[in-house]
Amino acid sequence: MDHFVINGGSRLCGRLTVKGSKNATLPLMAAALLTDRPVMLQDVPDLADIRNMVGLLSELGCKVDFSPATSLDAAGGTMLLHATDESQSHARYEIVRTMRASICALGPMLAKRGFARISMPGGCAIGDRPVDLHLRGLAALGAEIQLHQGDIVARVPGGKGGRLRGARIFLGGPSGSTVLGTANVMSAAALAEGQTIIESAACEPEVVDVAKLLNAMGARIRGAGSPRIIIDGVESLGGAEHRVIPDRIEAGTYMCASAMTNGDITLDNCPMDALMAASDAFERIGLIVAPETGPAAAGRDPMRQTVRVTSARALSPVELTTQPHPGFPTDLQAQIMALLCLADGNSIITERIYPERFLHVAELSRMGAKIVRQGSTAVITGVRKLVGAPVMASDLRASACLVLAGLAAEGTTIVNRVYHLDRGYEQMEERLRALGASIERVREKQAAPAGETVAV
Ligand code: EPU
C-alpha cells in the first residue's frame with residue numbers, strides 16, 4: 001500500500017487540465033452493453049475504478065481497448081468498447097466487491113440480453129448505500145427480480161428477444177434521487193417498448209452525459225438534467241463516439257488546493273456549468289474563480305472553460321449543506337472541510353446524502369483542526385495553521401481532503417493508504433508537483449487489502 005509524503009507550505013501556481021469524469025465514464029462504459037456495435041469514448045481518465053470496470057466488462061463479453069493519455073496535460077485517453085459475446089451475464093462478487101459502480105451494468109445487460117445476474121453491492125466506508133431504487137425502477141419496467149445467494153437475478157419476461165415495457169417511475173428516495181439508479185433505469189428504458197417517464201430523476205451532469213451518449217446511439221431521451229426524463233423506447237441501439245465531460249469533483253478539489261496554499265492556478269477544461277453551488281460557496285469563502293473572458297473565450301462550451309483560481313488572504317467561514325445536484329455535492333464535502341479549517345471563524349457543514357461521511361474529521365483533528373461533529377453536522381472552527389502528521393485515508397474523497405491539508409500544513413504529512421485516491425484522481429502527486437507542491441509517493445509491495453469494499 002503506497003503512501004504520500006508531503007512537505008507542506010509550498011504555494012501552488014500554474015496550469016492544469018481537468019480530466020474526464022470518473023463518475024460519468026463508469027455508466028458510459030456500461031452503456032456499451034446496450035449494442036453489438038462499437039462505442040468509442042474520448043477523455044477517459046486512467047484510474048483504478050476505470051480499470052476495474054474494464055475487467056468487469058471483459059468478463060461480460062465486451063472487448064475493451066483502452067489507450068490512456070500519454071501526457072499530464074491531456075484530459076484523458078481513448079477507449080473502444082465492443083460487446084461481442086452475450087453468453088456471460090454474471091457480474092461476480094469478486095469484482096463487484098471491489099467496485100460498487102458495477103451495478104451500472106445491470107440495466108444495460110438486462111435490457112439487451114433479457115437476463116442479468118449481478119452480485120448485490122454491499123455498503124462501503126461512506127454508508128450503507130442500498131440499491132432498492134434501482135431494483136424498483138427496473139421492476140416497474142417489467143423485470144422479474146429475485147435475490148439468489150447474494151446476487152440480484154433479473155429477467156425480462158420472455159427472456160432474450162423479450163422487451164421491457166415503458167412505465168411511469170418515481171425514483172425519489174430518503175436522500176433525494178439516485179445517480180446510478182437513474183442511469184440504470186434510463187439505459188434499460190431506452191430499449192423498452194413504449195414510453196417511460198422517470199419522475200424525481202437525478203439531475204447530475206453525469207446523467208446528462210449518459211443520455212447524450214444514448215441519444216447518439218439512437219435512443220430517444222428528453223429532459224435529462226431535469227427531475228423528469230422522458231424516454232421513448234427503440235428496438236435497437238447502434239455504435240457512437242462520445243467525449244466524456246470533465247470531472248467537476250476533480251476541478252473543485254484543485255480549486256480547494258489552490259486556496260489552501262494561497263495559490264494561483266488556472267484550470268483548463270473546467271466544467272463551470274456543473275459547479276454552480278461549489279463556486280458560490282468558494283466565492284463566499286474568498287476564492288476568486290474567474291472564467292477567462294475576451295475573444296478566446298467567446299462561444300466556449302460552459303462545461304469546458306478556462307478559469308483562474310486565486311484567493312483573498314483571509315478566508316471567511318460559511319454554512320453549507322450537501323444536496324443532490326444542483327446543490328453542493330457530497331463528493332466535495334471533505335475537501336471543502338479541509339479548506340474551512342483555515343477560515344477565520346466557525347463554519348457549519350451538514351451532510352444530507354451520506355450522514356456518516358465524516359471519517360476525515362478525526363484525521364484532520366490529528367493535524368490540529370478544530371472540528372466538532374454532531375450527527376450529520378460538523379462545526380469547524382478555523383485555526384491559524386494545520387500541522388503535519390501521519391494520517392490514514394479511509395475513502396476516496398477523505399483521502400483528497402488529507403492531501404489538501406498536508407499541502408497547507410506546517411511540516412511533514414504522511415498520507416497512508418493512497419490506493420483510495422488512485423480510484424478517482426489520476427496521477428495526483430505528479431500533477432500537484434507540477435504546480436510546485438513537495439509531494440512524493442513511496443511505493444510499497446503490499447497490495448490493498450483483499451476484498452475490502454472501498455469503491456465509489
Ligand atoms: N440511495 C437509496 N437507494 C438507492 C440508491 C441510493 O436510498 O437505491 C441513497 C444513497 O444511500 C444515498 C443517496 O440515495 O444516500 C444517493 O445515492 P446515489 O444512488 O445517488 O449514489 P450512487 O449513484 O451510488 C454516485 C457517485 C458517488 C456520489 C453519489 C451522490 C458514482 C460511481 N458514484 O453514487 O460518488 O457520492 O452518486 O452524488 O457515480 C465519489 O465519487 O466519491 C462517490 C462516492
Taking R0 as 30 Å and r as the Cβ-Cβ distance between Glu144 and Leu80, the FRET efficiency 1/(1 + (r/R0)^6), rounded to the nearest 0.05, comes to 0.35
Helix 205-216: inclination vs the chain longest Cα principal axis, degrees, rounded to 10, gives 40 degrees
Plugging the Cβ-Cβ distance of Lys63 and Arg308 into 1/(1 + (r/R0)^6) at R0 = 56 Å yields, to the nearest 0.05, a FRET efficiency of 0.85
Here the net charge surrounding Tyr354, from other residues whose Cβ is less than 13 Å away from its Cβ (Lys, Arg +1; Asp, Glu -1), is 0
Of 84-91, 201-208, ordering from highest average Cβ density within 10 Å down gives 201-208, 84-91
Longest principal axis of the chain (C-alpha) makes with the long axis of helix 48-59 (C-alpha) an angle, in degrees to the nearest 10, of 10 degrees
The Cα extents of the chain along the principal axes, largest first and rounded to whole Å, are 66, 53, 40
Quick calc: nm separation of the 7 Å Cα→Cβ label points for Arg443 and Arg168 -> 5.9 nm
The whole-number value in µm²/s of the Stokes-Einstein translational diffusion coefficient for segment 22-232, with Rh from the Kirkwood sum over alpha carbon pairs at 20 °C and 1.002 mPa s, is 127 µm²/s
Everything considered on the Cα gyration tensor (a ≥ b ≥ c; rounded for a/c under 1.5, else prolate if a/b is larger than b/c, else oblate), segment 243-287 must be described as oblate
Computed over the chain: longest principal axis from alpha-carbon atoms vs helix 396-408 long axis, angle to nearest 10 degrees, is 20 degrees
Candidate cut points under trypsin sites (Lys or Arg not before Pro) in segment 304-357, DSSP loop plus at most 12 other Cβ atoms within 10 Å of their own Cβ, are Arg313
Each label sits 7 Å from Cα toward the beta-carbon; between Asp280 and Gln42 the label points are separated, in nm, by 3.3 nm
Count of lysine pairs, the chain, Cα-Cα under 23 Å, sep. 8 or more residues or interchain, comes to 9
Hull volume per residue for segment 262-356, using the convex hull of the C-alpha atoms, in Å³ is 92 Å³
Scaled by the rule-of-thumb 2.2 N^0.38 Å, the alpha carbon Rg for segment 27-121 gives a ratio of 1.05
Once normalised by the length of segment 283-351, the mean sequence separation of its alpha carbon contacts under 8 Å that are 6 or more apart gives a contact order in percent of 33 percent
Residues other than Ser279 with Cβ under 11 Å of its Cβ, Lys/Arg counted +1 and Asp/Glu -1, net out at -1
Here, Thr350 and Ser236, labelled 7 Å along Cα→Cβ, have an inter-label distance in nm of 5.2 nm
Computed from the beta carbon distance with a Förster radius of 60 Å, FRET efficiency for Glu94 and Asn262 to the nearest 0.05 stands at 0.85
For segment 76-138, shape from the Cα gyration tensor axes a ≥ b ≥ c, cut at a/c of 1.5 then a/b versus b/c, turns out oblate
Using the Kirkwood formula on alpha carbons, the hydrodynamic radius of segment 172-282 in angstrom works out to 15.6 Å
Percent relative contact order for the chain, counting Cα pairs under 8 Å at least six residues apart, stands at 21 percent
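No value in this document is a laboratory result; all are computed from the given coordinates. Remember, it's a predicted structure, so these values are computed and weren't measured experimentally. When we count neighbours, we look across all protein chains shown, and the Cβ atoms used for this are built from the backbone with ideal geometry, even at glycine.
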